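What follows is a single structure, written as structure tokens, with notes after it.
The values are calculated or read from the model by the stated rules, or taken from the named source; none is laboratory data. All figures in this text were calculated on a predicted structure; none of them were measured in a lab. Glycine gets a Cβ as well: all are built from the backbone with ideal geometry, and neighbour counts include every protein chain shown.
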Amino acid sequence: MRLILNNLVAIYRKELHSYFASPFAYVLAGIFWLLAGVFFAAILLGPAGLLEQARNADLAASQGVRVAPFDVGYSFLQFFLGTLGSLALFMLPLLSMGLYTEERKRGTLELLATSPVTNWVVAVAKLLGVLTVFVTMVLPLLVYEAIVLNRASPPINPTVMIAGHGGLILLAAAVLSLGMFISSLTNSTILAAIGTFALVLFLWMIDVLGKNVGGALGEALSHLSLLKHYTNWVQGVVDTGSLVLFASYIGLGIFLTAQSIEALRFQRS
């Protein structure tokens, strides 16, 4: 077990170094922060933003018009985390596309396939490495949220915040795990990114297909939707079904990646 942990940590550190030593990761992070900042301003300060809505609601209430309660903090958290989830749909395939394709290009994939390190250890370490990069990209955005939520009245429930950000991390882990598998199938980073985006987009919107199909099959398809379960977490609803679904996608990606590399190991033996 100690040897396995040492191998996992060594590969994890190697993955982190490869990302943080590459200008691509910084360019991607810069684009992510820029887009997040633009959407932050639009959600909060735009002509139809939350502050304008709150101002209109207060004006209507002062004139004796009955209006529904409006919680700016909670609404902001829902909109902003929903936006980050949509941005992740585009960013995560770009992060995962080089996990194994770069190994193929450098000729080191064969070394991994024939090394004594088990395939699942390599897959888990690579997944943890790229997930750490994504979490690092998200951390500065907490400053945006702190600015708004610090002034929210009534204060937002910490459980909703924890659930929303936990859902974002689980979503990222699921997408990156599936992207890692697709990356193990090709030596083209472009194909890996396109394949991952297409798969994730399908799983993101499969809820629409399920509603159109209807019946037991439609319900089963809807349950596979990443969007549906992520929305639950953003709203502070943490249910076992959503947790199992995300864990299943993560486990499936790791398993398929390990099998893909095992097939390469078999070809080389």
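Among the residues of the stretch 213-228, at least one is under 21 Å from Thr240 (Cβ atoms) and among the basic types (Lys, Arg).
Considering the conditions (1) closer than 13 Å to Leu77 by Cβ; (2) at pLDDT 90 or above; (3) among the small types (Gly, Ala, Ser), Ala174 is excluded by exactly one of them, (1). For the stretch 227-269, the set of residues classified as small (Gly, Ala, Ser), surrounded by 15 or more Cβ atoms within 10 Å (Cβ to Cβ) and at pLDDT 90 or above consists of Gly253 only. Looking at the stretch 1-29, which of its residues are outside any helix (DSSP H, G or I) and loosely packed, with under 11 Cβ neighbours inside 10 Å? Met1, Ala21 - these are the residues of the stretch 1-29 that are outside any helix (DSSP H, G or I) and loosely packed, with under 11 Cβ neighbours inside 10 Å. Screening the stretch 227-239 for residues that are part of a helix (DSSP H, G or I) and not hydrophobic (A, V, I, L, M, F, W, C) and picking the one that is nearest to the chain's Cα centre (by Cα) gives Tyr230.
Would it be correct to say that Ile169 is surrounded by fewer than 20 Cβ atoms within 10 Å (Cβ to Cβ), at negative phi and without any contact (Cβ under 8 Å) to a residue 60 or more places away in the chain? Spelling it out, Ile169 is indeed surrounded by fewer than 20 Cβ atoms within 10 Å (Cβ to Cβ), at negative phi and without any contact (Cβ under 8 Å) to a residue 60 or more places away in the chain.
Only one of the numbered conditions (1) under 20 Å from Ala125 (Cβ atoms); (2) not in a helix (DSSP H, G or I) is violated by Asn187, and that is (1). In the stretch 65-84, is there at least one residue being within 24 Å of Leu168 (Cβ to Cβ), modelled with pLDDT of 70 or more and outside any helix (DSSP H, G or I)? Yes, the stretch 65-84 contains a residue that is within 24 Å of Leu168 (Cβ to Cβ), modelled with pLDDT of 70 or more and outside any helix (DSSP H, G or I). Kindly establish whether Val130 is more than 30 Å from Val9 (Cβ to Cβ), in contact with a helix residue (DSSP H, G or I) (Cβ under 8 Å, 6 or more places away or on another chain) and surrounded by 19 or more Cβ atoms within 10 Å (Cβ to Cβ). When the stated conditions are applied, Val130 does not pass them.
Taking Val124 as the residue in question, decide whether it is touching a Leu at 6+ places or on another chain (Cβ under 6 Å), part of a helix (DSSP H, G or I) and modelled with pLDDT of 90 or more. When the stated conditions are applied, Val124 does not pass them. Among the residues of the stretch 133-157, those that are exposed (fewer than 15 other Cβ atoms within 10 Å of the Cβ) and modelled with pLDDT under 75 comprise Arg151, Ser153, Pro154.
Here the condition is being free of Cβ contacts under 8 Å to residues at least 60 places away in the same chain and surrounded by 18 or more Cβ atoms within 10 Å (Cβ to Cβ); of Gly164, Gly214, Gly210, it holds for Gly210 alone. Any chance the stretch 15-22 includes a residue that's at pLDDT 80 or above, within 30 Å of Met180 (Cα to Cα) and of a type in the set (A, V, I, L, M)? Within the stretch 15-22, one or more residues are at pLDDT 80 or above, within 30 Å of Met180 (Cα to Cα) and of a type in the set (A, V, I, L, M).
Is it the case that some residue within the stretch 172-180 is among the β-branched types (Val, Ile, Thr), crowded, with 22+ Cβ neighbours inside 10 Å, in contact with a Gly (Cβ under 7 Å, 6 or more places away or on another chain) and on the phi < 0 side of the Ramachandran plot? No - not one qualifying residue is present in the stretch 172-180. Here the stretch 217-226 is the region considered, the condition is being of a type outside the set (S, T, N, Q) and assigned to a helix (DSSP H, G or I), and the residue that is surrounded by the most Cβ atoms within 10 Å (Cβ to Cβ) is Leu226.
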